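The values are calculated or read from the model by the stated rules, or taken from the named source; none is laboratory data. Since the structure is predicted, the reported quantities are computational estimates derived from the model, not experimental observations. Cβ atoms come from the backbone with ideal geometry, glycine included; neighbour counts cover every protein chain shown.
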Amino acid sequence: MRAVLVGMIAASALLLAANVQADADLAKNSGCLNCHNVDTKLVGPALKEIAAKYADQDDASAYLADKIKNGSNGVWGPVPMPPNAMVSDENAKVLADFILSLK
């Protein structure tokens with residue numbers, strides 16, 4: 001029984017790691033990493049900064065998904081974030097959740 005439980009935990013960890021990698025690939029392929037870096041400010045804020053700013057906001061995922069799709073201006077400084085019409089609503093939500101998962 002214990003071996004089965006350990007195996008299930010290990011398999012879950014691998015699936016979680018695969019999902020995080022898939023989400024990181026989505027961020028790269030969607031153009032997010034052209035202006036954002038995970039740990040440091042580039043043109044836009046670091047993704048970890050964004051996660052920290054909205055960590056306690058109840059509607060953070062929906063808010064960020066909207067900003068990913070429609071762009072933003074003035075929230076993080078004078079450089080606007082252009083809208084990303086190539087990202088579907090579903091992928092914008094996945095990206096928002098990925099950003100919020102960063103610590």
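Observations, loosely collected:
- Among the criteria (1) touching a Pro at 6+ places or on another chain (Cβ under 6 Å); (2) closer than 21 Å to K28 by Cβ, the one N73 does not fulfil is (2).
- Complete set of residues in the range 64-91 that are assigned to a loop (DSSP other than H, G, I, E, B) and touching a helix residue (DSSP H, G or I) at 6+ places or on another chain (Cβ under 7 Å): P83, N84, V87
- For the range 58-78, the set of residues classified as of a type outside the set (S, T, N, Q) and either within 15 Å of the chain's Cα centre (by Cα) or surrounded by 13 or more Cβ atoms within 10 Å (Cβ to Cβ) (or both) consists of D59, A60, A62, Y63, L64, A65, D66, K67, I68, K69, G71, W76, listed by residue number.
- Evaluation of N84 against the conditions (1) modelled with pLDDT under 95; (2) in contact with a Phe, Trp or Tyr (Cβ under 8 Å, 6 or more places away or on another chain) shows that the sole unmet condition is (2).
- Answer residue from the range 52-63, given it is of a type outside the set (G, A, S) and not in a loop (DSSP other than H, G, I, E, B) and is farthest from L100 (Cα to Cα) among those: Y63
- Among the residues making up the range 80-103, those that are surrounded by fewer than 13 Cβ atoms within 10 Å (Cβ to Cβ) and of a type outside the set (G, A, S) are P82, M86, D89, E90, K103.
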